[in-house]
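Some notes on the structure that comes next.
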Amino acid sequence: MLEMYREKLAKKMKLNERSVVHYATCDSPADHAGFLRKRVERHHHHHHHHHTTSYHRRWFILKGNLLFYFEDRDSREPLGLVVLEGCTVELCESAEEFAFAIRFEDAGAKAYVLVADCHTAMEAWVKALSRASFDYMRLVVKELERQLEDARKSLAACHKSPRKLSSGRKRHLSNPALPPVQEKPPILENGYSTWGSSCTPAGASCCDQDGGFSKPPPLPPRRRSAGGSLYIAPTSGLSLTLQESPVSPETACFSKLHHWYGQEIAEVRREWLESKKSGEL
Amino acid sequence: MAPALHPTNQLLNGLSLSFFFFSPVLKKRLVKLVVNFLFYFRTDEAEPIGALLLEHCRISKEEVNVFSISFIEEPDRKYCFECDSEEQCQEWVEALRRASYEFMRRSLIFYRNEIQKMTGKDPLEQYGISEEARFQLGTHKQ
């Protein structure tokens, strides 16, 4: 019996766990945190198996597009991790009040049903989780990049000496008659040296091509073209609805990751044992 | 010093890599960057065998065609990748340096700050998200 279990674990998906745990538990600011009750997912292979829904109270931390959950607030390692890409967050019909669900594009992926303590908490979580995806962040960045360009253009048109408007970026202060030296801000390397350091994004080039303005940092590579499926409503907030975009191969990668790291290992074990009992393997 | 590359290169997402993890044997893997994760696959399989979360990491150029990824809590442990060409190597280095969520967040804060300085207005206000925790300057000194 143990052999089979070990075999299943051997096929487990690898992850740089130590780094992930470090990211989850270090003091980088969390985007949201709090206690939630997490519904325990069970497989039912026996039609006569009595279905009982149970919940575990867990401490959740949202960092970027990653939702970690811990047994308790002072646990040193998360129990699990949910990658918030290609998912929708919606209120759900449930026996429980203040319940909401994280559902994925991939039909095979399990949903996470979470229960907040009160309406305000539920709302705050749904909002925070809806805006957690990488795609959403990328959308906002692109929008701001466009606005910055517009602002620069209109300012350049208004002012005669654009040089005066450059902000506190590092500049080469030697003889202004010389062609400006291209300076790179300190490479911050994906958050390697984060809080406490300057706001300058890594890789941005402070090349003074257009009279004193630095080029905006290039955008991260696109996973897939979002096309016209994103709608920005200036009045009602950046309502990015990740709609029914076709299930891409990329999403499949995450469902495997979720299977191994989204569920608590106890659940995986129980699932395996149940499937063994029913003769399925 | 690196062993010869396997002659059949498959392309996935337009790029293919070979890499080895702490072993002198070069293992051929297909590598795919999806948001802030680097997934890797055996060349004939559809499901990834593993992934690297690209937060708090450093991407370094090593010898010719080679770059490495190391993480802040274990800076001496390097995941090395060998590319087909120096050009491809540079492409990957650039792409991976920008792949973290935290990098994007810093870009956003940078733009927000710049626009605010230039126009006197908070660009996020019109979208109703200026108070969102994820967009705050946080511990950045201003």
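For segment B:108-124, name all the residues that are at the interface with another protein chain (Cβ under 7 Å from one of its Cβ atoms) and under 10 Å from A:Val140 (Cβ atoms).
B:Leu108, B:Tyr111, B:Arg112, B:Pro123, listed by residue number.
From the list B:Phe71, B:Phe81, which one is under 14 Å from the mean Cα position of the chain (by Cα), buried (at least 20 other Cβ atoms within 10 Å of the Cβ) and farther than 24 Å from A:Lys63 by Cβ?
B:Phe81 is the lone residue from the list that is under 14 Å from the mean Cα position of the chain (by Cα), buried (at least 20 other Cβ atoms within 10 Å of the Cβ) and farther than 24 Å from A:Lys63 by Cβ.
Within segment B:65-81, take every residue that is farther than 17 Å from A:Tyr23 by Cα and either out of contact with any helix residue (DSSP H, G or I) (no Cβ under 8 Å at 6 or more places or on another chain) or not in a strand (DSSP E or B) (or both) and give me the one that is nearest to the other protein chains (Cβ to nearest Cβ).
B:Tyr79
Looking at this structure, is A:Val140 within 14 Å of another protein chain (Cβ to nearest Cβ) and either of a type in the set (Val, Ile, Thr) or under 30 Å from B:Pro123 (Cβ atoms) (or both)?
Yes: the conditions hold for A:Val140.
Listed here are the residues, each with its yes/no results for (1) more than 23 Å from the chain's Cα centre (by Cα); (2) at pLDDT below 80.
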{"residue": "A:Asp135", "(1), (2)": "no, no"}
{"residue": "A:Leu139", "(1), (2)": "no, no"}
{"residue": "A:Leu155", "(1), (2)": "yes, no"}
{"residue": "A:Lys164", "(1), (2)": "yes, yes"}
{"residue": "A:Arg169", "(1), (2)": "yes, yes"}
{"residue": "A:His172", "(1), (2)": "yes, yes"}
{"residue": "A:Gln182", "(1), (2)": "yes, yes"}
{"residue": "A:Leu188", "(1), (2)": "no, yes"}
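Looking at B:Ala95 and the list (1) more than 7 Å from every other protein chain (Cβ to nearest Cβ); (2) in a helix (DSSP H, G or I); (3) in contact (Cβ under 8 Å) with a residue 40 or more places away in the chain, which single condition is not satisfied?
(1)
To keep it simple, each residue is scored yes or no on (1) free of Cβ contacts under 8 Å to residues at least 24 places away in the same chain; (2) not charged (D, E, K, R).
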| position | (1), (2) |
| --- | --- |
| B:Ile49 | yes, yes |
| B:Glu91 | no, no |
| B:Tyr101 | no, yes |
| B:Leu108 | no, yes |
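The values are calculated or read from the model by the stated rules, or taken from the named source; none is laboratory data. Keep in mind it's a predicted model, so treat the numbers as computed, not measured. Methodologically, a virtual Cβ is constructed for each residue, glycine included, from the backbone with ideal geometry; neighbour enumeration extends over all protein chains shown.
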